[in-house]
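Each remark here refers to the structure printed beneath this line.
The values are calculated or read from the model by the stated rules, or taken from the named source; none is laboratory data. Please read all numbers here as calculations on a predicted model, not as lab measurements. Please note: Cβ atoms are built from the backbone with ideal geometry, for glycine as well, and neighbour counts cover all protein chains shown. Note: areas computed on protein heavy atoms with side chains; ligands, DNA, RNA excluded. Shrake-Rupley method; radii C 1.70, N 1.55, O 1.52, S 1.80 Å.
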Amino acid sequence: MTTLTAPSAALVAQIHVAPGDIVPAGAPLLTTELMKMSHVLRADGPCRVEAVLVAAGDALSEGQPLLTLAPADAAAPTAAIAQTDRPERATLTARLTQLEDAARPDAVAKRHAKGLRTARENLADLLDPGSFAEFGALAVAAQRTVRDAADLAARTPADGIVTGTGTVAGRPVAVLAVDYTVLAGTQGYFHHRKIDRMLEACAHLPLVLYAEGGGGRPGDLDVDPLIAAGLTVPSFARFTAHRPLKIGIAAGYCFAGNAALWGVCDIRIATEGSNIGMGGPAMIEGGGLGQVAPGAIGPSHVQAANGVIDLLVPDEAAATAAARGLLSLSTPAGSTADTAALREAVPADRTQAYDMRRFIGGLTDDFAELRSAAGPGVIAGIARIGAQATALIANNPLHLGGAIDGPAADKATWMLRLAARLGLPVLSLIDTPGFMVGPEAEDAGQVAHAAALFQAGAAFTGPWVALITRKAYGLGAMAMAGGSLDRPHMTLGWPTAELGAMGLEGAVRLGFRAQLEAIADPAERQAEYDRLLAQMYDRGSALNAASLLEFDAVTLPEDTPAALARAFAAAGG
């Protein structure tokens, strides 16, 4: 015999059984009411009701006896708890269905006809299957005063931006994907609220932004009476201040507010069919500058050449793959560097140019080159050497012999600042005759460009390893090493390395001009020039310079990946 007691103070609302009843497990016995909420007390197992000790309407105290029960046949059936098709479940299911691409076949077909994907298609491609947790899915445009709820739910799902979290190769990330099919990707009131919420909730996560569309949306009339200009939107400052890695992907037309968010991303990816600008056609016309077709504003080939686009790819699928690759660069993996190819990376003829990119491919396990169309005198990007992700800058001997002009200095400066912001170590590959000189270079502000590179190097405090593959001359070589060859945690050189205060040929011609001009016979003059040049080359050769402690160690090309790994480990990379 057992006694059922009151779990808390309450009123008896209803008694469902009488003495002598046989009730199955789960059957309701008695319902109490407390603070306008009812509580159903059910049978733990099959039982027979021996006595009912209270009546409907009684006030109960905690622990007060309610019923006495005796065990019944264990084979008695279990009472089924009714499962009804409740209206709130049906309403939610219908609303969630409206978020799916299948709910808007015409809009999806229009996207596909332009060779573009939907926001949800991009996220499905980016994130690991089943990892997406959406934030703010049920938001609609702030236009309830002028449009009915059903229309807003159908035509402005998620208020034009899909936000949430997921994983990429197991790494948690935050995602913001603008939906261009909703009011042309314009940024509305709740659109911005969703961005702000993600930045607040995911301040510790790397972030991927799919940006497309225009700027502020004038049609959000629910809040218009309370806004004069709408310049107190915190999204832009918060997005810019987001500390972890931000990857931006632009496709189609990306103007105004969307371009501003994409523009402050650490790595800016764009498709070949994109147009990116701080002002779209409406702003241009509104500014009295005439009517301009959107396709004429910031085409991708222009924005890639001027450094606005860091990585230009054919389409959104390639952009998404690039983003996944960048997010996975720090994933430990076995070495795939082709060390055998490094043996012949630098030609035996010291005056012959070579492809530094082939060398990078043999040295690193993975390399994502950035801004390849801008500043061709320097190669920059993010590499992986073993399990170490690192920022990489390298001189390009195929452009101006590796001389550093203004655009090249700007690219190297940008890469160093990005490495500092993201906490990446730096690997610099040095083969330069120095900074580009001459009237044209100075007319382009060479002093300021060079100074910015020195400033970025001096400001960088993380691990830095330098490798001299061939020429390391003058201020340009020093800038590529952070200001001095003893600035990196370790500076290595190949046997082909040669050091000098300036180009060796120029140093001989200038330093020994009087001595050479005093030799009347041209053949004797050339022989003396060759002797002096060889002498200077020997003086600045890798072995001699290392013996004088001008840099730290000489290593064979094929041993370089292992040497770099050791150097980064010792530097705390």
- Test for residue 509: is it at pLDDT below 95, assigned to a helix (DSSP H, G or I), touching a Phe, Trp or Tyr at 6+ places or on another chain (Cβ under 8 Å) and open to solvent by 10 Å² or more (accessible area, probe 1.4 Å): yes
- Of 311, 261, 329, 289, the only residue that is within 16 Å of the chain's Cα centre (by Cα), modelled with pLDDT under 95 and hydrophobic (A, V, I, L, M, F, W, C) is 329
- Message: I'd like to know if the range 23-35 contains one or more residues that are open to solvent by 70 Å² or more (accessible area, probe 1.4 Å), among the β-branched types (Val, Ile, Thr) and at pLDDT below 95.
- Response: no
- Message: Only one of 501, 448, 412, 514 is surrounded by 17 or more Cβ atoms within 10 Å (Cβ to Cβ) and hydrophobic (A, V, I, L, M, F, W, C). Can you tell me which?
- Response: 412
- Residue satisfying condition, being of a type in the set (Ser, Thr, Tyr) and open to solvent by 50 Å² or more (accessible area, probe 1.4 Å), within set 461, 432, 469, 491: 461
- Taking the condition within 26 Å of residue 270 (Cβ to Cβ) and open to solvent by 10 Å² or more (accessible area, probe 1.4 Å), does residue 383 pass? no
- Note on the structure: Note on the range 1-30: residues of a type in the set (A, V, I, L, M) and in a strand (DSSP E or B) are 4, 10, 11, 12, 13, 15, 22, 23, 29, 30
- Message: Show me the strands (runs of 3 or more DSSP E) entirely contained within the range 288-385 in which 1 or more residues are basic (Lys, Arg).
- Response: 378-385
- Of all residues in the range 353-371 being at pLDDT below 90 and within 26 Å of residue 272 (Cα to Cα), the one that is nearest to the chain's Cα centre (by Cα): 366
- Message: For the range 183-207, give me each residue that is open to solvent by 30 Å² or more (accessible area, probe 1.4 Å) and either in a helix (DSSP H, G or I) or not aliphatic (A, V, I, L, M) (or both).
- Response: 183, 184, 189, 190, 193, 197, 200, 201, 204
- Message: Suppose the filter is modelled with pLDDT under 95 and not in a loop (DSSP other than H, G, I, E, B); does residue 454 pass it?
- Response: no
